[in-house]
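Report on the structure given below.
Just so it is clear, none of the values below were taken in a lab; they were calculated from the coordinates. Given the structure is predicted, the values throughout are model-derived calculations rather than measurements. FYI the Cβ positions are ideal-geometry reconstructions off the backbone, even for glycines, and counts take in every protein chain you see.
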Number of protein chains: 2
Amino acid sequence: MATLGAQKKHKVTIVGSGNWGTTMSKLVAENVEAHPTLFDQTVQMWVYEEDVTIPKDSRHFDPGSETSNKPQKLSHLINTLHENIKYLPGITLPPNVVANPDLPDSVKEATIMVFVLPHQFIPRVCDQLAGKIVPFARAICCTKGVDVSEKGIRLMSEAIGMRLNIYCGALSGANIASEIAQEKYSETTVAYDPPPMDSRAPTPSGSPTSSQVDLISPSKPNPSARSARLKALPAEYPPLSHENVRKLFHRPYFHVRIVDDVAGVSLGGALKNIIALAAGFVDGLGWGDNAKAAVMRVGILEMVAFGKAFFEDSAKTSTFTEESCGVADVITSCMGGRNFKCAKKATATGKSIFEVEQEDLNGQKLQGTSTAYEVNSFLRSQGLEADYPLFTAVYNILEGNVKPEQIPQLIEPKAK
Amino acid sequence: MATLGAQKKHKVTIVGSGNWGTTMSKLVAENVEAHPTLFDQTVQMWVYEEDVTIPKDSRHFDPGSETSNKPQKLSHLINTLHENIKYLPGITLPPNVVANPDLPDSVKEATIMVFVLPHQFIPRVCDQLAGKIVPFARAICCTKGVDVSEKGIRLMSEAIGMRLNIYCGALSGANIASEIAQEKYSETTVAYDPPPMDSRAPTPSGSPTSSQVDLISPSKPNPSARSARLKALPAEYPPLSHENVRKLFHRPYFHVRIVDDVAGVSLGGALKNIIALAAGFVDGLGWGDNAKAAVMRVGILEMVAFGKAFFEDSAKTSTFTEESCGVADVITSCMGGRNFKCAKKATATGKSIFEVEQEDLNGQKLQGTSTAYEVNSFLRSQGLEADYPLFTAVYNILEGNVKPEQIPQLIEPKAK
């Protein structure tokens, strides 16, 4: 019904080609093929170009072939082998995924951009895209996490939306890319709630500079005035309704629920890492599954409180307690995620989590520890540490101020 | 503040002395000692009398003592050793726990009765108590589960309350008795919401017969008219407010949240076992933690829907999504409970769960399978199987009609 009268189709670009980005390309390409009246049949995937040599254990390695032993361009390999042998080996991509190393060219005529970039690359990539995109394009940000500092909280989707002057939603859930690539069942949550837009709005002539990109802070709530500057989708395109956005992501093995709450979806993916540390600390004491479940429950309610305190216009309780981006992602992270495992080992061995990180993570850093520090710095600046006793306990354990054994006492609700 | 002017104190009896009942006695006895202005200092524990010989590995076994080698009365052993060597070995009970094998004597003058009996004993014990209790006594039911059949749903607390013509709340959470007995941290939920009572109501002369005990069914909502027949607590007693009920159960290692929703608390403890089977079936396929978390999330929302559909006056979403009796108990049950483990093994080995039950459970039966059958029988009688696709899928897997691999397809939400 929604496509009646639409003469154009949506072109989709995946901005990013790592493990998660390539997985997204695969499932989005399957979906554009399933909905040919809505979507252009080619899915562009922007590739940060690099030289790659086919590994000897790859099914594409041919010892007799000269090219197999030489470095080749990653985009070329993806387009000829239909596999990202470096970041998603072993998974065949649909032929309608086209790798493109030219960033502006990859988004040419794209009305939908799916951002799947590492956190730290988002500002740079957006700055390169500004002014070169379709002005009425819309984006979905699949990068988890938020920028939290003493100054305030910035959602990734807000950062993208403001830099490009377009609407940007978010996708987050209990998702491990390699499992989804193998079509093992999972779920996700897409937050998508574009404000009313001006169909007469001029094409923006440039992007705001970094300093113009507002931070969310309690004293300065989520700026929505800018929505009036967003350019509406022309009537020739099928509407980008919840129904049609769902068709872009939902697969039989990847169930999508759509909500309005971009803030809640984004916060869930960040704050769950603090909860996973808490669950690991408690589990390392050998207190059993009940203690672990209790800490998870308390953590979910602190996420709810955090969302309501700092995003009162948007964050909803149900996003955290009922959606994949909330409760399910907390469960997954507390069952076997890295934050959980390292925290558990730290308690069980009496080491600090930073020692465990060094020993076990091969130079990588835990997301949970930096989020715990950032959130604590923000809460302290607001004088609100006491309102988030579990988040605060995790920070104090990391700092060596308290011990995991003290968690029950630290989070004990006061009698009324 | 609440006790100003109160001349009497509440006497507490624990009705039951198994693993969970003895644990309850311990923590309640600690709490009456901590609140001497509210509670009588002795906690009676009714013991179903039996002859017990002290096991040789007990710290109380003395090979030189004649009595150590002879069977002795369990109540006598508890009162002399301050330990329930049969059902909670190794845990010292406070001296103010008094085991009493005489049921009517154990509840004499008790204004608070904590029921911790196996499901099947509740009707018989209540029938023996009827007419012999303080008419304005109140009860808390700690037995998990509900009676579900084609005819309707009966909560344990309702069964107790109606047979004794008193108010009965419920306690349920992510609780394993032996862990709580060892003072390992956990949480629970107490549902307590007595209706307005008639301070002039006559003492009931007897108990209703079984046929008079109403079932809850969609066509006959939760009867509350009887509340007018309940006898109010006399003014000489401290009020049994949320605050004072919390003081009876809350410990530093056992955190209590009080809610109004008896139906939700009771349903959580029953329906979670169906979810644990579903999680086990999926986990046995090796689909990973995301698939498992997804099934758990879907299951929690089916609990919410079930509560709202059949207990619309009382069941609240938050009871299932935010409290220990809901989300936390689901988490615990899906991490290591028996239902989960047996279902996982059934899928992984290709056996039916009934074969696994026979092999691994030493004659015991899983709670989840009978609950899944009972709930399905009820839903089918209402024509509502399709509204609970996960509960229905579990039933159909048990029946051999579908395979665990089909769960994603069976629970896939339809596009609007």
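With axes computed from alpha carbons, what is the tilt in degrees of helix B:338-349 against the longest principal axis of chain B, rounded to the nearest 10 within 0 to 90?
30 degrees
Identify, for chain B, the residue whose C-beta comes nearest the rotation axis onto chain A, and round that distance to whole Å.
B:Thr321, 2
Rounded, prolate or oblate: pick one for chain B, where a ≥ b ≥ c are the square roots of the eigenvalues of its C-alpha gyration tensor, a/c under 1.5 means rounded, and failing that, prolate if a/b is larger than b/c, else oblate.
Note, shape of chain B comes out oblate.
Antiparallel as a % of all DSSP beta bridges within the stretch B:10-260, to the nearest 5?
Roughly 30 percent of the DSSP beta bridges within the stretch B:10-260 come out antiparallel.
Taking each pair of distinct Cα atoms in the stretch B:229-346 once, what is the resulting Kirkwood hydrodynamic radius in Å?
The answer is 15.8 Å.
Between the alpha-carbon centers of the stretch A:333-376 and the stretch B:78-113, tell me the distance in whole angstrom.
Here the two parts' Cα centres lie 45 Å apart.
Just to confirm the numbers: B:Asp57, label point 7 angstrom along the Cα-Cβ line, distances to the other copies in nm, shortest first?
The projected label point of B:Asp57 is separated from its counterparts by 4.4 nm.
Can you give the mean number of other chain Cβ atoms that lie within 10 Å of the Cβ atoms in peptide A:320-332?
What the average comes to for A:320-332 is 6.
Quick one: angle between helix B:389-398 and the longest Cα principal axis of chain B, in degrees between 0 and 90, rounded to 10, please.
90 degrees
How big is the dipole moment of the stretch A:271-416 about its Cα centre under a simple scheme where the beta carbon of each Lys and Arg is +1, that of each Asp and Glu is -1, and everything else is neutral? Debye, nearest 20, please.
The calculation lands at about 200 debye.
Projected area of the protein assembly as shown, taken from the Cα convex hull and averaged over every viewing direction, in nm²?
40.5 nm²
Compute the label-point distances linking B:Phe121 to its equivalents in the other copies; points lie 7 Å from Cα along Cα→Cβ; give nm, one decimal, shortest first.
Nearest to farthest, the other copies are at 6.4 nm.
For peptide A:178-189, compute the average count of partner chain beta-carbon atoms within 10 Å of each residue's beta-carbon.
5
Which entries in the list B:Lys184/B:Lys308; B:Lys86/B:Lys341; B:Lys316/B:Lys403; B:Lys11/B:Lys70; A:Lys403/B:Lys272; B:Lys56/B:Lys132 go over 29 Å, if you measure between the two C-alpha atoms of each?
Beyond 29 Å: B:Lys184/B:Lys308; B:Lys316/B:Lys403; B:Lys11/B:Lys70; A:Lys403/B:Lys272; B:Lys56/B:Lys132.
When Lys and Arg each count +1 and Asp and Glu each count -1, what net charge do the other residues less than 13 Å away from A:Thr189, Cβ to Cβ, add up to?
Net charge around A:Thr189: -1.
Find every distance from the label point of B:Glu359 to the corresponding label point in the other copies (7 Å from Cα along Cα→Cβ) and write them in nm, one decimal, shortest first.
The answer, with the shortest distance listed first, is 3.7 nm.
What is the distance in Å between the Cα centroid of the stretch A:9-30 and that of the stretch A:247-305?
25 Å
First select every other residue whose beta carbon is under 14 angstrom from the beta carbon of B:Asn19; then total the charges, Lys and Arg +1, Asp and Glu -1.
Charge balance near B:Asn19 sits at +1.
Could you compute the net charge surrounding B:Gly90? Neighbours are other residues with a C-beta less than 15 Å from the C-beta of B:Gly90; K and R count +1, D and E count -1.
Its environment carries a net charge of +1.
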